[in-house]
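The values are calculated or read from the model by the stated rules, or taken from the named source; none is laboratory data. Note that this is a predicted model, so its numbers are computed, not measured. Heads up, the Cβs are rebuilt from the backbone with ideal geometry, glycines too, and the neighbour counts pull from every protein chain shown.
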Amino acid sequence: MEDSKDINNYMNRLGAAAKSAAGDLATVSSEVKNNALLYMSEALDSRRNEILQSNKVDLDKAKDKAIGDALIDRLELTDERIDGMISGLKIVASLPDPVGEIEEMKPTPSGLKISKMRVPLGVVGIIYESRPNVTADAAALCLKSGNACILRGGSEAILSNSLIAECLNQGLKRADLSEDLIQVVNTTDREAVTALLRMEKFIDVIIPRGGKGLVRLISEEARIPVIKHLDGICHVYIDKDADLNEAISIAFNAKTYRYGICGAMETLLIHEEIATKILPELNSKFLGAGVELRGCKKTSDIINTPLATDEDWVTEYLAPILSIKLVGDINSAINHINRFGSAHTDSIVTSNDSSAETFMRKVDSSSVMHNVPTCWADGFEYGLGAEVGISTDKIHARGPVGLEGLTSQKYIVKGKAQIRGA
């Protein structure tokens, strides 16, 4: 790719090929799509050593560039994570195919029979950073939901993504499907992203997965609808009626399961009536795990933490850092979450069902939990097989975006030559 003209021509070729392939996919049976997914899983398994070797090269280059620990964690592939990709492909293959699903509606006075049919979006452009597993997860969901996809991963994962894509294409070819259904952009030039965002002729929706800066840039520059989330500023609120042992376990897991995931807890809210009972033990556990704590004035008075600033309440750390705030009641916790949160995932720990119901109704997030750590916010764990991202938008798709989120509906109207009068 020598200049922007070459890149635009290249991207347009990818777009035209994807559009054509998506049209052909509309009549492909579920059995053929499922077979392709299973063939892909076999290819990943048979080439796992190659994948791990390529990933090591990507990791070494990333470390030389002093990329942060959170991105390194997202970039790294292990046998366990490859097993996760393989499992995801198999689970997606086992899920019901949403394409063609009919939602019947009530008969109309005119005698017309009206229903809704679930249909693919068409061509999905996915722009993501670091996580090579997104290549397999996103491609699987797009294929099963009847969509072609163009995948543009980060430059730090180019070798890993390319090899995973080869495995996916092996599966498509073995199932006699077009390899144009899954295309990975093979240039790290940022002009490719700019071109992708302007390809409204070929692409129906863009899904970004990455840092706040990337998602904001895409949202501002795209000429195509975007399914997005900007931040994962997730909260756990420990209510005064919580079981303290459960609360400690949940809060600790919500933060330390993996620091680099968007479902990691970034702010812990605690009812002030139980603060002296629970904070010292939480302080000991978090400090033992190497987590830096920052607290409000009341928190600092109890466990002597550095004071949190206003900026801490709106920061997605993706690191072993946690802000803690004491609140006077459940409504104060809800108000804090709705003001400072990112509408991603928030959880209440309580034995009071009425308080849990209030929290779950009033917190305006894509996932609201009761007695569960926020790190469970994941399409695989929700039974979606995988996800192409977690949407904090309110229109079309919200929360982990799986098969249904990659489809739309159209009206199907049948009649018997009824003529509409004046």
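Does at least one position in the range 246-265 carry a residue that is assigned by TED's automatic domain parsing to the domain that holds ASN371, assigned to a strand (DSSP E or B) and within 22 Å of the chain's Cα centre (by Cα)? There is at least one residue in the range 246-265 that is assigned by TED's automatic domain parsing to the domain that holds ASN371, assigned to a strand (DSSP E or B) and within 22 Å of the chain's Cα centre (by Cα). Across the range 45-71, which residue is farthest from LEU168 (Cα to Cα) among those that are among the β-branched types (Val, Ile, Thr) and crowded, with 16+ Cβ neighbours inside 10 Å? Within the range 45-71, the match that is farthest from LEU168 (Cα to Cα) is ILE67. For ALA319, the conditions (1) of a type in the set (Gly, Ala, Ser); (2) surrounded by 16 or more Cβ atoms within 10 Å (Cβ to Cβ); (3) more than 25 Å from ILE67 (Cα to Cα); (4) touching a residue at least 24 places away in the same chain (Cβ under 8 Å) are fulfilled apart from (3). Annotation note: Cβ proximity below 8 Å between a residue of the range 389-406 that is closer than 16 Å to TRP376 by Cβ and a residue that is aromatic (Phe, Trp, Tyr) (sequence gap 6+ or interchain) occurs for GLY399/TYR382; PRO400/TYR382; GLY402/TYR382. Quick check on GLN170: is it over 17 Å from TYR10 (Cα atoms), at pLDDT 95 or above and either out of contact with any Pro (no Cβ under 9 Å at 6 or more places or on another chain) or surrounded by fewer than 23 Cβ atoms within 10 Å (Cβ to Cβ) (or both)? Judged against the criteria, GLN170 is a match. Taking the range 28-52 as the range and being touching a residue at least 12 places away in the same chain (Cβ under 8 Å), among the charged types (D, E, K, R) and in a helix (DSSP H, G or I) as the test, the residues that pass are LYS33, GLU42, ASP45, ARG48, GLU50.
Among the residues of this structure, ALA377 does not count as one that is of a type outside the set (Ser, Thr, Tyr), surrounded by fewer than 21 Cβ atoms within 10 Å (Cβ to Cβ) and within 14 Å of ILE233 (Cα to Cα). Of all the numbered requirements in (1) aliphatic (A, V, I, L, M); (2) assigned by TED's automatic domain parsing to the domain that holds ILE238; (3) closer than 30 Å to LEU112 by Cβ, ILE395 misses one, and that requirement is (2).
Here is a list: GLY100, GLY153, GLY111. Which entry is in contact with a Phe, Trp or Tyr (Cβ under 8 Å, 6 or more places away or on another chain) and either surrounded by fewer than 20 Cβ atoms within 10 Å (Cβ to Cβ) or on the phi < 0 side of the Ramachandran plot (or both)? Selected residue: GLY153, the only one of GLY100, GLY153, GLY111 that is in contact with a Phe, Trp or Tyr (Cβ under 8 Å, 6 or more places away or on another chain) and either surrounded by fewer than 20 Cβ atoms within 10 Å (Cβ to Cβ) or on the phi < 0 side of the Ramachandran plot (or both). Here ASN55 fulfils each of the conditions (1) modelled with pLDDT of 95 or more; (2) more than 19 Å from ALA165 (Cβ to Cβ); (3) of a type outside the set (Asp, Glu) apart from (2).
Does ASP239 satisfy being surrounded by fewer than 17 Cβ atoms within 10 Å (Cβ to Cβ), of a type in the set (Asp, Glu) and modelled with pLDDT of 95 or more? So ASP239 fails the test.
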